[in-house]
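Peer 1: Structure in structure tokens, see below.
The values are calculated or read from the model by the stated rules, or taken from the named source; none is laboratory data. The structure displayed is predicted, hence computed values, not measured ones. Cβ coordinates were reconstructed from backbone atoms using ideal geometry, including for glycine residues, and neighbour counts include every protein chain displayed.
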Amino acid sequence: MRTLDSTTSLRIAVQKGGRLTDKTLSLLEGIGLQFDDYKRSLLVKCRNFDVELLLIRDDDIPEYVQDGVCDLGFVGANTVAEDEADVTILRGLDYGVCRLAIAVPKNGSIKKVEDFAGKRIATSYPVLTRKFFNSKGIEVDIVTLSGSVEIAPRLEIADAITDLVSTGGTLKANGLVEIDKIFDSETQLIQTNKPLSEGKKHLIGKILQRIEGYKKAAESRYIMMNAPQSAVVEIKKIIPSLKSPTVMPLADNGMVAIHTVIPLSTFWDVMEKLKEAGATGIVMLPIESMIV
Ligand code: PRT
Ligand code: ZN
């Protein structure tokens, strides 16, 4: 039994081998946590932090975190919500993005949610599906399947399905069309509601701060350019930088080098305006991490 004063490491649940595994591990590596080969073992010690990873099936993660077997977990919001787990959601992470959608056979009689009364719906998400139809006041018959839900209408096990969708390719390949959305999902970092030692709380704070910096860095670019000194006022107006840009005089008379950080989403827009304002030799670099 782990106790409040447990001297064991902060234990983090990660999906063992699935869609979330690589992105979660590269996020952890990106914030400076180093692990030995995680493919060989279920419990992997971190080399440079008092952290260990427990690699398990994603379906087990909410419960392991709820019960305090793991202090943190990285898992899809869909799984957390379906399990109705008693955990704290620390933050969303923009990978594993998908939606739980309702789909029906392409040329069938069901066209809208109201047509569902008395119909059979196959799903691996009975809780979320039930809640959705209850909220609409529509009685449906739910057939719970653990996988391959998309073939249920063809097998005549069900009239419709609810399933996770990302590109929509699977629905299309199975002659199904999406008619409504039940739930938007992304990966979440969840924390146990069991008491944690001060040491663990401190470590969690540090991990969260690093994730924040890592995400900010991924969405930002470092840009450098040369420009005439006379253009600096105009350029400063164009750059939506975090702080005032660094402006350094160059050997060429009247020319300066300008360095700053900009959100990636504004890059092309900013770049074109900078060029118009007289900037030359504009260089963009990725940023590994940043603390703001
Ligand atoms: O073995 P384990 O139980 O750990 O893994 P799993 O097979 O249950 O889950 P896995 O690895 O497939 O998915 C893990 C998590 O990834 C899910 O819980 C979601 O949070 C997230 N995710 C994101 C997805 C998808 N996108 C997704 N497209 N999970 C599943 N799918 C499936 C969907 O069920 C359907 O079969 O992909 C198909 C649809 O994809 P498209 O692109 O054709 O629309
Ligand atoms: Zn699973």
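Peer 1: If ALA217 passes every condition in (1) farther than 25 Å from ALA277 by Cα; (2) surrounded by fewer than 18 Cβ atoms within 10 Å (Cβ to Cβ); (3) at pLDDT below 95 but one, which one does it miss?
Peer 2: (2)
Peer 1: Please verify whether the range 138-147 includes one or more residues that are within 26 Å of the chain's Cα centre (by Cα), within 15 Å of ligand 1 (Cβ to nearest atom), at pLDDT below 95 and not aliphatic (A, V, I, L, M).
Peer 2: Within the range 138-147 (the criterion being within 26 Å of the chain's Cα centre (by Cα), within 15 Å of ligand 1 (Cβ to nearest atom), at pLDDT below 95 and not aliphatic (A, V, I, L, M)), the answer is yes, since at least one residue qualifies.
Peer 1: I would also like to ask the following. Any chance you could count how many residues in the range 183-219 are under 16 Å from the mean Cα position of the chain (by Cα) and in a loop (DSSP other than H, G, I, E, B)?
Peer 2: Number of matching residues: 1.
Peer 1: Now for a separate question. Just checking, which of VAL127, VAL149 is free of Cβ contacts under 8 Å to residues at least 60 places away in the same chain, within 30 Å of ILE207 (Cβ to Cβ) and in contact with an Asp or Glu (Cβ under 8 Å, 6 or more places away or on another chain)?
Peer 2: VAL127
Peer 1: Quick one: which of ASP115, ASP86 is assigned by TED's automatic domain parsing to the domain that holds GLY205 and either out of contact with any strand residue (DSSP E or B) (no Cβ under 8 Å at 6 or more places or on another chain) or of a type in the set (Asp, Glu) (or both)?
Peer 2: Exactly one residue qualifies, and that residue is ASP86.
Peer 1: Of the numbered conditions (1) surrounded by 17 or more Cβ atoms within 10 Å (Cβ to Cβ); (2) of a type outside the set (Ser, Thr, Tyr); (3) assigned to a loop (DSSP other than H, G, I, E, B); (4) at pLDDT 95 or above, ASP163 fails exactly one; give the number of that condition.
Peer 2: Every listed condition holds for ASP163 apart from (3).
Peer 1: Would you kindly identify the strands (runs of 3 or more DSSP E) lying entirely within the range 30-80 that contain at least 1 residues that are within 16 Å of ligand 2 (Cβ to nearest atom) and modelled with pLDDT of 95 or more?
Peer 2: Hits in the range 30-80: 51-56, 72-76.
Peer 1: Next up: In the range 57-95, how many are surrounded by fewer than 20 Cβ atoms within 10 Å (Cβ to Cβ) and closer than 14 Å to GLY18 by Cα?
Peer 2: 4
Peer 1: Please indicate, with yes or no, whether at least one residue in the range 256-265 is of a type in the set (Ser, Thr, Tyr) and not in a helix (DSSP H, G or I).
Peer 2: Checking the range 256-265: at least one residue is of a type in the set (Ser, Thr, Tyr) and not in a helix (DSSP H, G or I).
Peer 1: So for the range 235-248 (the condition being surrounded by 17 or more Cβ atoms within 10 Å (Cβ to Cβ) and among the charged types (D, E, K, R)), does at least one residue qualify?
Peer 2: Among the residues of the range 235-248, not one is surrounded by 17 or more Cβ atoms within 10 Å (Cβ to Cβ) and among the charged types (D, E, K, R), which makes the answer no.
Peer 1: Would you mention how many residues in the range 57-99 are among the polar types (S, T, N, Q) and within 11 Å of ligand 1 (Cβ to nearest atom)?
Peer 2: 2
Peer 1: Is the range 175-196 home to any residue that is among the hydroxyl-bearing types (Ser, Thr, Tyr), more than 16 Å from ligand 2 (Cβ to nearest atom) and modelled with pLDDT of 95 or more?
Peer 2: yes
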